[in-house]
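Asker: Could you have a look at this structure, given as structure tokens, before my questions?
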Amino acid sequence: MTPLYLKVINFIQNHPQEFWGAIRDHILILVLIPVGLAILVAVPLGILATRFRWLERIVMATANIMQTIPSLALLALLIVMGLGIGYPPAITALFLYSLLPILRNTYTGLKNVDPFLKEAATGMGMTKMQQLYMVELPLAFRVIMAGIRTATVICIGTGTLAALAGAGGLGIFIVRGLQMLWNHLIIVGAVPAAAMALLADYFLGKIEYLVTPRGLRD
Amino acid sequence: MVVFEQVSKTYGDRYEAVKDLNLQIQVGELVTLIGPSGCGKTTTLKMVNRLIEPTKGSIYINGKNIADFDPVELRRGIGYVIQQVGLFPNMTIAQNITVVGKLWGWTRQKCLERAEELLRLVDMDPSVYLERFPKELSGGQQQRIGVLRALAAEPDIILMDEPFGALDPITREQLQGELKKLQEKLHKTIIFVTHDMDEALKIADRIVLMRDGVVVQEAPPDEMLRNPADEFVINFIGKNRLLRSPDEVRVEEVMIKKPVTIEVTRGMAEALERMRKRHVDSLMVVDNQQRLLGIVTIKDIQVSLERKGNVGDLLTGPVVAVQVGQTVREAVYQMAEHGVGYLPVIDAEGRLRGLMTRASLVDILTEVLWCSREVDSVS
């Protein structure tokens, strides 16, 4: 009887294209694309939410609801709603999941900027835009980055479910392994996914520190 | 010149923060707006750079109504310092100082040169501080930078909203002194809000005292101390800070109450001994009714060779004294006239009541100063 870890290694050695392809898809399609899109939408939306009260309520409520729907249910709903099978529903679901942490952190980060700093900025003659770029965003940057980090980790984990919707990624091995009751195949998908999440968390934490303006670092 | 013309600010329907304010601030003048909290002083200040818009009336700067300016442009031309300092933590000291310059589109080089120049103005070494961040500076240093930031783009008018209110008393005093020095060099028009009367007295060319949105009195510091307009002003200034002219203070208020005396019948040796014990070099000579007969000094005793007699033998002629009820001014004149450093104080019957010395004048001054310091540190 071959030990489990040897079976895992053997599988990876025998199917390098499938394994590395799944990792690439996972990172690119299930993490970078949805998180990237979420940043493009959530950061401006978060900024606007601090400017208009009515928008604040709508945006935060919607994002909260999205987050509350169980991931598998959201995925299934999107398929039913006509997005079909494969990457479109998977990317859409992950995008929706990434919205809330980024949106919430952008909003909180900006809201938490000391009101006296804003008053000083206005009093010195900054326009609203200058105030945003020169003061508010630099000060909120760290919190926004923390939101992006959370979104990324969520996407790596939830991305394993994408295989159920017929999309690729490391989830493929887990789903197939569960169906065949092949433990080694489950591990081929699960362990790299977990490792990826931990590594992403660690390195994004480092980046978060590096992009924090020097005067704000602890 | 900044002119307020019938300016009112009403919040909601009821609350009137400022009522029909008329005020003129001359070019190069440092005016403090002072009063209890809620008196409208900060509202008045913030209407100048349009952080608050007046409900009624107009404000003119050099003859131009500020309502006609673009608020952003207007603010870039007015320096602004707040109590919370408000340095941008993401910017270096250099960037903080020249932030308005950057808004005006100055080059990097010009920003840097201006920042260096200003740091030298307050004796902070540019090579040490230019690249530091606000959190690396003490509270006092931060507010120095706050003031420099307001000066950087060379505005004619500077608004200061309790700029030193959050600092410890020693630092506050230092910064007040520095502001005064800067003002002597730069002659800006400064509107300075404070609730601290000592601060106002120290730095202001003119004090505007407000209550409930209305100006109660506006006057230069010593004019306000001399002629407070009403009971409110007196209470706000604090009674012990009021300047009383030497014509109003009576000698008994400042005299030493129990001068060292000796009865006329006592011997010289005893007089010497008493001087040694009580650390004085002169004694009031009195009879058994406490009536003043004269003064003996240690010199008188040392000069007289026969030390066997009593102190009465040393007395020469009538003694110069002031009477209870006379003013300090009269006493000071007498001291000057007779070239003495002290004057006994006697009552109508000629009994010794006390002694006025130059030192007791200094003491009373010191006491007044100390009292106002204590009031200050409590508030």
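We did not get these values from a lab; they are worked out from the coordinates using the rules stated. None of these values were measured; they are calculated from a predicted model. Neighbour counts run over all protein chains shown; Cβ positions are idealised from the backbone, glycine included.
Asker: Restricting region A:185-199 to residues that are closer than 18 Å to A:LEU32 by Cβ and touching a residue at least 60 places away in the same chain (Cβ under 8 Å), which is nearest to the other protein chains (Cβ to nearest Cβ)?
Answerer: Among them, the one singled out is A:MET196.
Asker: Might you let me know whether region A:118-125 holds any residue that is surrounded by 19 or more Cβ atoms within 10 Å (Cβ to Cβ), touching a Lys or Arg at 6+ places or on another chain (Cβ under 8 Å) and more than 13 Å from chain B (Cβ to nearest Cβ)?
Answerer: Checking region A:118-125: not a single residue is surrounded by 19 or more Cβ atoms within 10 Å (Cβ to Cβ), touching a Lys or Arg at 6+ places or on another chain (Cβ under 8 Å) and more than 13 Å from chain B (Cβ to nearest Cβ).
Asker: Regarding A:MET129, is this residue more than 10 Å from chain B (Cβ to nearest Cβ) and without any contact (Cβ under 8 Å) to a residue 12 or more places away in the chain?
Answerer: The answer is yes for A:MET129.
Asker: Six or more apart or on different chains, Cβ atoms under 7 Å: show the pairs whose first residue is in region B:335-348 and at negative phi and whose second is surrounded by 20 or more Cβ atoms within 10 Å (Cβ to Cβ) and not in a strand (DSSP E or B).
Answerer: B:LEU343/B:ALA321; B:LEU343/B:ALA331; B:PRO344/B:ALA321; B:VAL345/B:VAL251; B:VAL345/B:MET255; B:VAL345/B:ALA321; B:ILE346/B:ALA321
Asker: To continue, here is another question. So B:LEU74 clears everything in (1) within 11 Å of chain A (Cβ to nearest Cβ); (2) surrounded by 20 or more Cβ atoms within 10 Å (Cβ to Cβ) except one condition, right? Which one?
Answerer: (2)
Asker: So B:ARG76 fits all but one of (1) charged (D, E, K, R); (2) closer than 24 Å to A:LEU132 by Cβ; (3) free of Cβ contacts under 8 Å to residues at least 40 places away in the same chain; what number is the exception?
Answerer: Going through (1) charged (D, E, K, R); (2) closer than 24 Å to A:LEU132 by Cβ; (3) free of Cβ contacts under 8 Å to residues at least 40 places away in the same chain one by one, B:ARG76 breaks only (3).
Asker: I'd like to verify a number: residues in region B:309-337 that are hydrophobic (A, V, I, L, M, F, W, C), under 29 Å from B:THR265 (Cα atoms) and not in a loop (DSSP other than H, G, I, E, B), how many?
Answerer: 4
Asker: (1) in a helix (DSSP H, G or I); (2) under 31 Å from the mean Cα position of the chain (by Cα); (3) within 13 Å of chain A (Cβ to nearest Cβ); (4) of a type in the set (Val, Ile, Thr): which one isn't true of B:VAL100, the others all being true?
Answerer: (2)
Asker: Only residues that are part of a loop (DSSP other than H, G, I, E, B) and either surrounded by 21 or more Cβ atoms within 10 Å (Cβ to Cβ) or within 24 Å of the chain's Cα centre (by Cα) (or both): list them for region B:134-154, please.
Answerer: Selection gives B:ALA152, B:ALA153.
Asker: Would region B:119-133 turn up any residue that is more than 27 Å from the chain's Cα centre (by Cα), within 12 Å of another protein chain (Cβ to nearest Cβ), over 16 Å from B:LEU179 (Cβ atoms) and without any contact (Cβ under 8 Å) to a residue 40 or more places away in the chain?
Answerer: The answer is yes; a qualifying residue exists.
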